[in-house]
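Step one of this worksheet: look at the structure below.
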Amino acid sequence: MESENEILGFVVCRTCLNPKAIKQGKGKRAAFVHGRCECGPDTRTGKAAQVEMKAFKPLEEVQSEIEVLKAPKPEVNPVVKEVVSKPNQDTESKQMGTAACVGIGAVMGLVFGGLVKTLKMVA
């Protein structure tokens, strides 16, 4: 006689990177599978979750997948090409500094505030 809590297989838990044991549900959840790993029980019944859990594999395959996921990935140093160009003063505009931006903002605030105040007095 088969055990009611028989493990069907395993999938990789992407959260804790451990094998998640997959079992068949019982009672009103008999149509669904559920899993358990170090994260706790996974009783999701949504289509995507069920497809993921029904793709269970033997423990050895899942453990080898986990080892690949846990293996340190080699660092890839991006190749940076230096572009040296001569600034063309005719076409390049000067960038405003922070102080200039703050000053313009303050002046605009005063002008706009005065305009609003004037409109309130008229109305």
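The values are calculated or read from the model by the stated rules, or taken from the named source; none is laboratory data. None of these values were measured; they are calculated from a predicted model. Positions of Cβ are generated from backbone atoms using ideal geometry, with glycine treated the same way; all protein chains shown enter the neighbour counts. Note: areas computed on protein heavy atoms with side chains; ligands, DNA, RNA excluded. Shrake-Rupley method; radii C 1.70, N 1.55, O 1.52, S 1.80 Å.
State the number of residues belonging to the range 1-20 that are touching a Lys or Arg at 6+ places or on another chain (Cβ under 9 Å) and either of a type in the set (S, T, Y) or surrounded by fewer than 18 Cβ atoms within 10 Å (Cβ to Cβ) (or both). Total satisfying the criteria: 6.
Of all residues in the range 21-77, those satisfying the criterion of being farther than 15 Å from G9 by Cα, open to solvent by 100 Å² or more (accessible area, probe 1.4 Å) and either touching a strand residue (DSSP E or B) at 6+ places or on another chain (Cβ under 6 Å) or part of a helix (DSSP H, G or I) (or both) are K28, R29, K47, E67, V68, K70.
Using the structure shown, decide if V102 is at pLDDT below 75, part of a helix (DSSP H, G or I), among the β-branched types (V, I, T) and open to solvent by 70 Å² or more (accessible area, probe 1.4 Å).
Numbers: at pLDDT below 75: yes; part of a helix (DSSP H, G or I): yes; among the β-branched types (V, I, T): yes; open to solvent by 70 Å² or more (accessible area, probe 1.4 Å): yes.
Judged against the criteria, V102 is a match.
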